[in-house]
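Here is the structure we will look at.
The values are calculated or read from the model by the stated rules, or taken from the named source; none is laboratory data. Not measured: the values here are computed from a predicted model. Don't worry about glycine lacking a Cβ; one is built from the backbone with ideal geometry, like all the others, and counts go over all protein chains shown. In case anyone asks, the SASA skips ligands and DNA or RNA and just uses the protein heavy atoms, side chains included. Shrake-Rupley method; radii C 1.70, N 1.55, O 1.52, S 1.80 Å.
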Amino acid sequence: MAALGPLSRITRLGCNFCRNHRLVFNRNSQKRGIASCIDPSYGLTDEQKEFQKVAFDFAANEMAPHMAEWDQKEVFPVETMRKAAQLGFGGIYTRPEVGGSGLSRLDTSIIFEALSTGCVSTTAYISIHNMCAWMIDTFGNDEQRERFCPDLCSMEKFASYCLTEPGSGSDAASLLTSAQRKGDHYVLNGSKAFISGGGDTDVYVVMCRTGGKGPKGISCLVVEKGTPGLSFGKKEKKVGWNSQPTRAVIFEDCSVPATNRLGEEGQGFNIAMKGLNGGRINIASCSLGAAHASVLLARDHLLVRKQFGETLANNQFLQFKLAEMATKLVASRLLVREAATALQENRADAVSLCSMAKLFVTDECFNVCNQALQMHGGYGYLKDYAVQQFVRDIRVHQILEGTNEVMRMIISRNLLTES
C-alpha cells in the first residue's frame, strides 16, 4: 500500500520536537510501517485490498494535506469529493445501472475506514451522501432512480438526510414537519435541525408527517434545492466536522410534487430506519479510520519523544496503553465488519449488530483517539498536530445516527423481547 502523507506539520520556532508526522501504510516498510497486528487489509479478498489501496492513496494525496485547512477555514471540499466520485465513492452501494459502484456493505466499510485516515469530517459527509443515494435507489421508482441517482453518484449534486428536528432527536417518530396533500403536490411546513450539508447541497431526503401521530404517519419526500418555500438557517459553529456545513432546513408552504415521494404514504419511518442501519456502520467505519491513524501517530510519538533520558516507548505504562489501544481498534474493526456482513445478508441479527457496532466502536475509537492525544502531552492539544482533530471530529459520532443511549435501547429490547 502507498504511504499516507503528513497529517500534521510542526512549524513552531524553538520547538525541539519539530518533525512531520507520517502515517505509513506499507507492509514492506522496514521501519515505522503498519504493524501486522493492526493491518486493516488482513482477511480481505484481493479485490477488496485493491480498492482499499485506492482509498488509502486518495486519503493520502487528496485529503490529508488539506485536512487542517478545511477544518480551520470551514471549507466544504466539493471538487475533492467529485474526484472521489470519479473513483466510485459517490454511490458505493448504489446499483451500477444508475451510476453506482454496486459494492457490498463490507466493501463500503473498508473504503470509509481508509478515507477517514485522511479526513474524518469529509468522509463522514460522503457517507451520509451515499446513504441518501442508496435510499433513493432502493425505495424510489425507476423514474426517481434515473432522475436523481446518476447525478448523486457522480457528485454533480450532493444530498442531505433530513430526519432530526428541534423538538425530536432521539424520539424521531414524534417529528412534526407536516406534508399536506393538495392535488398533485405536498405542501411542507416545519423545520429540520443539524442537517449535514444543509444549504450547500442539492437534494434533501425529508421525513415528514402525512398522517396521524407515530411512525406510521411519516412519509419520505425528496425536496430539491431552489424549491419555493425552502430556506436554511445560519451555518452552525461546531467543535468538529467543520469541512461540512450544518444548518437548519426550513419549510414554509414548500410545494413538492407528489412524484417526489419515495414509497407509499406511511413508509417514511421504515425507510429512515433502514437508511440508518447502514449509516451506523458507515459512521463506525469513519471512527475506525480516525482510531487507526491515531494509534500510528501515538506510536510514532512514543518512538521519538524523550523524557527522563529515554524515549517514551521504553515506558512500560505507555507500552501497555498502546497495546490496549491497538486491541480496541482491532476488536472494533471485527465488530463493524461482522455487522456489515449481517446487514448485507439481511440476517435477523443485523439491526442489533449495527447498533452494537455503532455503540461499541464509536465509544472505543473515541477513547483510542483521546488516549493518543494524552500520549502527545501538550503537543496533542495544539492544532499543529493531527491527533486533536481526530478527537474533535469523532466525538459527535457518539451522538448522531442515533445516540449511543438509543443504541443500548435497541440492543436491550432485542434481548428482552426474543427471550
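Identify all residues within the range 120-146 that are among the aliphatic types (A, V, I, L, M), open to solvent by less than 10 Å² (accessible area, probe 1.4 Å) and under 13 Å from the mean Cα position of the chain (by Cα); write none if there are none.
Within the range 120-146, 120, 124, 126, 131 meet the criteria.
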For the range 322-349, pairs from a residue that is in the same structural domain as residue 411 (by the TED database) to a residue that is of a type in the set (Ser, Thr, Tyr) and part of a helix (DSSP H, G or I), with Cβ under 6 Å and 6 or more apart or across chains, are 336/109; 336/285; 340/109
Take the residues of the range 378-404 that are among the β-branched types (Val, Ile, Thr) and within 13 Å of residue 368 (Cα to Cα): which is surrounded by the most Cβ atoms within 10 Å (Cβ to Cβ)? 394
Residue check, residue 87 against (1) within 16 Å of residue 131 (Cβ to Cβ); (2) aliphatic (A, V, I, L, M); (3) open to solvent by 50 Å² or more (accessible area, probe 1.4 Å), all met but one. Which one? (1)
Do we have any residue at all in the range 290-298 that's open to solvent by less than 10 Å² (accessible area, probe 1.4 Å) and of a type in the set (S, T, N, Q)? yes
Yes or no: residue 25 in contact with a Pro (Cβ under 9 Å, 6 or more places away or on another chain) and modelled with pLDDT under 50? yes
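Might you let me know whether the range 36-47 holds any residue that is of a type in the set (Ser, Thr, Tyr), open to solvent by less than 70 Å² (accessible area, probe 1.4 Å), at pLDDT 95 or above and touching a helix residue (DSSP H, G or I) at 6+ places or on another chain (Cβ under 9 Å)?
Yes, the range 36-47 contains at least one residue that is of a type in the set (Ser, Thr, Tyr), open to solvent by less than 70 Å² (accessible area, probe 1.4 Å), at pLDDT 95 or above and touching a helix residue (DSSP H, G or I) at 6+ places or on another chain (Cβ under 9 Å).
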